[in-house]
Amino acid sequence: MNGADVIDLAQESIWVLIKVAGPIMMIALIVGLFISLFQALTQIQEMTLTFVPKIIAIFLSLFFFLPFMGETLGTFMQHIAERIIGLV
């Protein structure tokens, strides 16, 4: 394995990380933005109001995106295993 292979593997790892974590993080960002807007408009500064809706949204999105995340990580692991045994 030379330097170019290591860079390709690192780049692919970063893309897998973005594909797996990106949808959940975007949902948390959007829900947090709406909660912040709601708090600014109503001047309600309750601390639990920021956490509870985000936690619920993240759990629901995890149930929705879990098959995609598993497939992406499984494909990446197969690719890594093939590189380890020398098929690619």
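No lab work stands behind these numbers, since they all come straight from the coordinates. Everything numeric in this text was worked out from a predicted model, so none of it was measured. Here the Cβ positions follow ideal geometry from the backbone for every residue, glycine too, while neighbour counts run over all protein chains shown.
Structure above, values below:
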{"read-out": "The chain, helix-only ellipticity at 222 nm - DSSP H runs n ≥ 4, -39,500 (n - 2.57), divided by all residues, nearest 500", "value": "-32500 deg cm²/dmol"}
{"read-out": "Highest-MSF residue in the chain out of 16, 31, 52 [GNM, Cα springs under 10 Å]", "value": "52"}
{"read-out": "Label-zone membership for segment 44-82, site residue 1, 7 angstrom Cα→C-beta point, backbone N under 15 Å", "value": "76-82"}
{"read-out": "Neighbour-count order for 75, 48, fewest beta carbons within 10 angstrom listed first", "value": "48, 75"}
{"read-out": "Gained length - residue 29 relative to residue 66, 0.36 nm times residue gap less alpha-carbon distance", "value": "11.5 nm"}
{"read-out": "Choice from 62, 33, 73 showing the highest fluctuation, given a GNM over the chain with Cα pairs closer than 10 Å", "value": "33"}
{"read-out": "Simple Cβ-charge dipole of segment 1-82, Lys/Arg +1 and Asp/Glu -1, about Cα centre, in debye nearest 20", "value": "400"}
